[in-house]
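Undergrad: Once you've had a glance at the structure underneath, I'll fire off some questions.
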Amino acid sequence: MFGMLKNSLFGNTEETEYKMLSSETKDGVSFEVRRYDGAKYAVVSSEGRSFDQVTGELVRKLLMYIGGSNEQGEAMGTAAPIIVTVYPRNDGVLSRRLVVAIRIPSSYQLSPPTPTDSAVKIEERPGMTVYTLQFGGFAGETEYRAEALRLTRTLGETAPFQRKQYFCCSYDPPLKPYGRRNEVWFLQEEP
């Protein structure tokens, strides 16, 4: 636990790099189109509990892992963003299935430390292009759903993005009181 706290408060935060493909404003809403390269991620999943009930617990598991709760005892530094994959129902309400991921820092990409928590898995994720909408404040399910709806309306019905899932991203430690950065990502469907 101490390693996780020390790592998140005093460690270096490595923000996942991307290539900006475009930055647009439509109907007063600004969004970006970005390309992320494939990488290894630490991932933990949950079914049966709501976004707000379980995300804190799942994020802690990942922070413990990168903070040194792994077989090698390596505190890897921190990475941003924390990415929560959500699966909305047709009415927009999120299902009770979540996947929370954090990118393994660059210096550990080739050989990530082995997790000691069996719930934490290492996953190779392919590159992706996303539509991104940024917003501030403390974000829970209500805020992410509202921003996802805003991005959906801005992009329109014909935009080529996956509608069965999207990503809720947080860049800040939970105790940061202001200047917070959150994003909603829609995965662009490849032509």
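The values are calculated or read from the model by the stated rules, or taken from the named source; none is laboratory data. Note that the structure is a prediction, hence the values are computed from the model and not measured. Glycine gets a Cβ as well: all are built from the backbone with ideal geometry, and neighbour counts include every protein chain shown. With ligands, DNA and RNA removed, areas are computed over all heavy atoms of the protein, side chains included. Shrake-Rupley method; radii C 1.70, N 1.55, O 1.52, S 1.80 Å.
Undergrad: Once neighbouring chains are kept in place and the probe is 1.4 Å, which whole percent of the accessible area of the chain is contributed by carbon and sulfur? Write down the numbers at each step before the final one.
TA: Numbers: 5160 of 10190 Å².
Percent of accessible area from carbon and sulfur atoms in the chain: 51.
Undergrad: Right, something else. Give me the 1.4 Å probe accessible area per residue for segment 27-156, excluding ligands and nucleic acids, in Å². Numbers along the way, then the final one.
TA: Details: 5930 Å² over 130 residues.
In whole numbers, segment 27-156 has 46 Å² accessible per residue.
Undergrad: Please work out the ratio of the alpha-carbon Rg of the chain to 2.2 N^0.38 Å and round it to two decimals.
TA: Values: Rg = 16.4 Å, N = 191, 2.2 N^0.38 = 16.2 Å.
Rg over 2.2 N^0.38 Å, computed on Cα atoms: 1.01.
Undergrad: Place the peptides 52-63, 72-83, 27-38, 146-157 in order of packing, highest mean first, counting for every residue the other Cβ atoms within 10 Å and averaging per peptide. Spell out each step's value before the answer.
TA: Working: 52-63: 17.7, 72-83: 19.2, 27-38: 14.0, 146-157: 15.9.
For the peptides 52-63, 72-83, 27-38, 146-157, the packing ranking is 72-83, 52-63, 146-157, 27-38.
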